[in-house]
Amino acid sequence: MKALKKLPFYEWVFLLVLLLYPLRHVSIGIDFWDTGYNYANFTYGLSHMDPMWFFSTYLANVVGHFFSILPFGNTLIGLNAYTASTISVSAIAAYFFLKGTLKIPSVLAFLGLFLAINLCWCPTALMYNYLTYLFLLLCTIFLYKGLAEHKNKYLFIAGLFLGANVLVRFSNAAEAALIVGVWAYAFIEALYDEEVASLKWKLFKSLFWKKMWSRTWRNTLWCLGGYLSSLGVFL
């Protein structure tokens, strides 16, 4: 909250644009194919769905159903606004990460995200797409912070989002490949460790592999713990 109070006026304008700009199409046109199919699933429940789609997009439909029981969720414009809000949330989360954690200038962060919003071309009714983007973004944010700040709780939270994403769309299981980034980070950290760098080659090799494997297993287990916990609960 203190950080928000210190924001200059132009950054409040950036945040307002990122919040509202994704809603610009909520009352324009209708896509009968994807919009009708997905909103029907949200509104009338999952019992009539093909078992394959029921399982492979389960969480996306559950969130969509939640939107349908909110005020005005029984209208097309209401559901358009609620589903488009996932883009708003993604953009604002990314803005604070880019500006606060990665120290990217706020103007550049805003322009990049504004461009990204304009590339969101498919109907927002496809929650299995937009919820995928949101969860993958949050996973990336927590994974980065967990590795850079050496905080295991963030690695666990990153795993939680990645595990939940499998139930948003089953093909998201391939995102588990992000664990390669955890292993690469452990390798780089061990390589530039001051204690390791100061040693002669023979001792260097021994301590390097010891530190790398220690970090690799520890970080992997925290990520895997979150992933399996989330996946187990939803299954």
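The values are calculated or read from the model by the stated rules, or taken from the named source; none is laboratory data. The structure displayed is predicted, hence computed values, not measured ones. Glycine gets a Cβ as well: all are built from the backbone with ideal geometry, and neighbour counts include every protein chain shown. These area figures cover heavy atoms from the full protein model, side chains too; ligands, DNA and RNA do not enter into them. Shrake-Rupley method; radii C 1.70, N 1.55, O 1.52, S 1.80 Å.
Out of the residues in the stretch 26-74 that are among the aliphatic types (A, V, I, L, M) and part of a helix (DSSP H, G or I), which is most open to solvent (accessible area, probe 1.4 Å)?
Taking the stretch 26-74 first, the residues among the aliphatic types (A, V, I, L, M) are 26, 28, 30, 40, 46, 49, 52, 59-60, 62-63, 69-70.
Subset that is part of a helix (DSSP H, G or I): 40, 52, 59-60, 62-63.
On the way: Ala40: 31, Met52: 114, Leu59: 17, Ala60: 2, Val62: 53, Val63: 37 Å².
Looking at residues that are among the aliphatic types (A, V, I, L, M) and part of a helix (DSSP H, G or I), I get Met52.
Annotation note: of Tyr39, Tyr21, the sole residue that is touching a Leu at 6+ places or on another chain (Cβ under 9 Å), of a type in the set (Phe, Trp, Tyr) and in contact (Cβ under 8 Å) with a residue 12 or more places away in the chain is Tyr39. Would you confirm whether or not the stretch 106-124 contains a residue that is buried (at least 16 other Cβ atoms within 10 Å of the Cβ), in contact with a Phe, Trp or Tyr (Cβ under 8 Å, 6 or more places away or on another chain) and farther than 28 Å from Tyr154 by Cβ? Within the stretch 106-124, one or more residues are buried (at least 16 other Cβ atoms within 10 Å of the Cβ), in contact with a Phe, Trp or Tyr (Cβ under 8 Å, 6 or more places away or on another chain) and farther than 28 Å from Tyr154 by Cβ.
Among all residues of the stretch 149-170, there is at least one that is modelled with pLDDT under 95, within 23 Å of Phe55 (Cα to Cα) and of a type in the set (D, E, K, R).
Here are Ile28, Ile87, Ile69: which of them is touching a Cys at 6+ places or on another chain (Cβ under 8 Å) and among the aliphatic types (A, V, I, L, M)? If you could, list the steps in order and put the result at the bottom.
On the way: Ile28 fails: touching a Cys at 6+ places or on another chain (Cβ under 8 Å); Ile69 fails: touching a Cys at 6+ places or on another chain (Cβ under 8 Å).
Result: Ile87 is the single residue among Ile28, Ile87, Ile69 that is touching a Cys at 6+ places or on another chain (Cβ under 8 Å) and among the aliphatic types (A, V, I, L, M).
Selection of first residues in the stretch 124-135 that are at negative phi and part of a helix (DSSP H, G or I) and of second residues that are open to solvent by 30 Å² or more (accessible area, probe 1.4 Å) and of a type in the set (Lys, Arg), restricted to Cβ pairs under 9 Å at least 6 apart or on distinct chains, gives the following pairs, ordered by first then second residue: Tyr128/Arg169; Asn129/Arg169; Leu131/Arg169; Thr132/Arg169.
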